[in-house]
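Right, one structure below, let's go through it.
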Amino acid sequence: MTEDSLPRIVGFLCKWCSYAGADLAGVSRLKMPASLVPIRVMCSSRVNPLFVLKAFLSGADGILVTGCHPGDCHYQDGNYYTRRRFALTQKIFKELGLEADRIRLSWISASEGKRFVDVVTEFTENLKTMGKNSIKAEIFL
Amino acid sequence: MKGKIITSQNGLNQAIKGILKSLLEKGLFDAILVPTRVPSGESFVYLLIKDKNLIESCTPLPPIMPIQGARALRELTRLGKTSLKILCVMRPCEVRASVELSKLKQVNLENISFMSIDCPGAFILKDYINDPEKFDKLYQNTLKDWEGENIRPSCNICVRFSHQDTPADIHIGKIGMKENGVIIVPLSTQSNELLSKIDIECTQETTEWQTGIKEKLQKKAENRNKAFSELKGNVSGMENLNNFFSNCINCHNCMRVCPICYCRQCFFDSSDEVRIAAENYFSRAQNKGGIKFPTDMIFFHLGRMSHMGISCIGCGACEDACPMDVPIAQVFEFMADELQKMFNYIPGRDREEQIPVLIYKEDELHEYEDMEDLK
């Protein structure tokens, strides 16, 4: 499979858990599709709905927001706010018929290198069946 | 709920003016913020009145809403609480917007009281300024029948046109009342005492008024459901959405007049969004074959929706301000309705209630996250 046919996923990884989890996956030499473009954020609650929208409207096939498991946030409760905000954003996608499945929220801890690989692999497979994000070719936005 | 029914030969506005005058005379309030017709006669502004003789010139319930009252109050309390006791005379949606803004720390409600009025809806701004005299006459009928053809679409689908979910102190009711009847309803114990100081003892039953509201509510709720189900088809999918907004000229008026959009600098006017190197546009154009200028029109609307949708009070100011007649308020109200239902939230209904995005529950919304182990 060529790299072009892989979906492009923009991932927002929280510095304290998910990014470390991704690092662990690398150190452990686990294999996963090269579909994710990681962006490190200090907390998943730093992810403004605009980040998700911008990535989506710029043609990203998938957007993955990841953070510490609920209750484990480095800043006590950041990821609870993330969840509310993400739910609102996804609701907007759903109501406007904008392929809400292209955006996804996952909790991955620093010790879950395997889980990180699983999430990215599964998400990539799902996106493959959905096909390319048609907005990528949309000129009048 | 108890009230006091008064009869006014000269209409609703005149009756309210009488109450305002005596409140000011007795020194129960230091000033009153109330809509007033501008000297040219074509529009209305908010006037902070200290002199009781000026009350005669005001129009407590104007036929249009050129300025959302919450914006006037925001300007007034920008630097914190007022030392003066102020009574704001507003439409219910303006009261709710003010309370919502206080939660966002843009309005300080200390020493501020609200008088809300049963709202028949407002005319479309552009229609009105083209022929104020004609619409002033039409408005008299609207005040009688409580509906009319020229009322703004947002008002036709409004289900909080009276005291419902509106945390005002005093409410003035008219719906369902006989010819010249106007009902004064205190919505708190303090305002009950306040009214008794100007010899308004609220002991009468309010059934007549409440039945009137119920009837109107049913009709408006039907309108609302119908409008939303029609709309849903029109904005579903990127192609439809794009067509819906295709007249947009990126003037951002909808954002500027929105009472909830309080950010001094909107992201969409900020250097992050505006100061982009030409090379960036080139590479975007290369990827797609071409890009449209001005860019990011859909991004602006969806972005604004995701920022203020949970607090949208559905006043319709955005639609009034749109120079291209994009029916923007309807899509925002539709979305706001869906978002607010998720958290059983009604913006501005309670001064103490927190905005859903500022609080959380530990155990909720599991359908939006993947928690379970993957296959």
Note to self: C-alpha centroids of region B:107-135 and region B:1-40 sit apart, in Å, by 15
Förster radius 51 Å - calculated FRET efficiency between B:THR7 and B:ASP370, Cβ distance, rounded to 0.05: 0.20
Report the label-to-label distance for B:LYS50 and B:ARG284 in nanometres (one decimal), using points 7 Å from each Cα along the Cα→Cβ vector. 5.0
Within region A:17-44, which residues have the backbone N less than 16 Å from the label spot 7 Å out from A:GLU125 along Cα→beta-carbon, could you tell me? A:31-35
Neighbouring Cβ atoms within 10 Å as the yardstick, rank B:PHE300, B:PHE114 fewest first. B:PHE300, B:PHE114
How long are the three semi-axes of the equivalent ellipsoid of region B:248-360, in whole Å, if each is the root of 5 times an eigenvalue of the C-alpha gyration tensor, listed from largest down? 30, 16, 13
Can you list the cysteines of chain B that have no other Cys Cβ under 4.7 Å away? B:CYS58, B:CYS88, B:CYS119, B:CYS155, B:CYS158, B:CYS202, B:CYS248, B:CYS251, B:CYS263, B:CYS266, B:CYS312, B:CYS322
With label points set 7 Å from each Cα along the Cα-to-Cβ direction at A:LEU6 and B:ASP127, the distance between them in nm comes to 5.8
State, to one decimal in nm², a quarter of the convex hull surface area for the C-alpha atoms of region B:124-234, i.e. the direction-averaged projected area. 9.0
Could you list B:VAL45, A:VAL65 so that the one with the fewest beta carbons within 10 Å of its beta carbon is first and the one with the most is last? B:VAL45, A:VAL65
How large is the convex hull of the Cα atoms of the protein assembly as shown per residue, expressed in Å³ as a whole number? 164
Helix-only estimate, please: 222 nm mean residue ellipticity of the protein assembly as shown, summing -39500 (n - 2.57) across DSSP H runs of length 4 or more and dividing by its residues, to the nearest 500. -12500 deg cm²/dmol
Rounded to the nearest 5, what is the percent of antiparallel bridges among the DSSP beta bridges in the protein assembly as shown? 40
Mean other chain Cβ within 10 Å across A:77-86 is 5
Helix B:92-103 axis, angle to chain B major axis (alpha carbon atoms, nearest 10°): 60
What's the angle, to the nearest 10 degrees (0 to 90), between helix B:328-342's Cα axis and the longest principal axis of chain B? 90
Please average, across the residues of A:53-63, the number of beta carbons from any other chain that are within 10 Å of each residue's own beta carbon, and give a whole number. 3
Can you work out the FRET efficiency for the pair B:GLN204 and B:GLU353, with r the C-beta to C-beta distance and R0 = 22 Å, to the nearest 0.05? 0.10
Given chain A, what percent of its DSSP beta bridges are antiparallel, to the nearest 5? 5
Between helix B:132-145 and chain B, what is the angle of the helix's C-alpha long axis to the longest principal axis, kept within 0 to 90° and rounded to the nearest 10? 70
Can you work out the FRET efficiency for the pair B:THR211 and B:LYS232, with r the C-beta to C-beta distance and R0 = 35 Å, to the nearest 0.05? 0.60
Using label points projected 7 Å from each Cα along Cα→Cβ, tell me how many nm separate B:ASN111 and B:ASP145, to one decimal. 4.6
Region B:54-97 versus region B:235-261: alpha-carbon centroid distance in Å: 27
For B:PHE293, A:PHE93, what's the fewest-to-most ordering of other Cβ within 10 Å of each Cβ? B:PHE293, A:PHE93
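Laboratory data are not the source of any read-out in this text; all were calculated from the coordinates shown. For clarity, every value in this text was computed on a predicted model and none was experimentally measured. Using ideal geometry, Cβ is built from the backbone for each residue, glycine included, and neighbour counts are taken over all protein chains shown.
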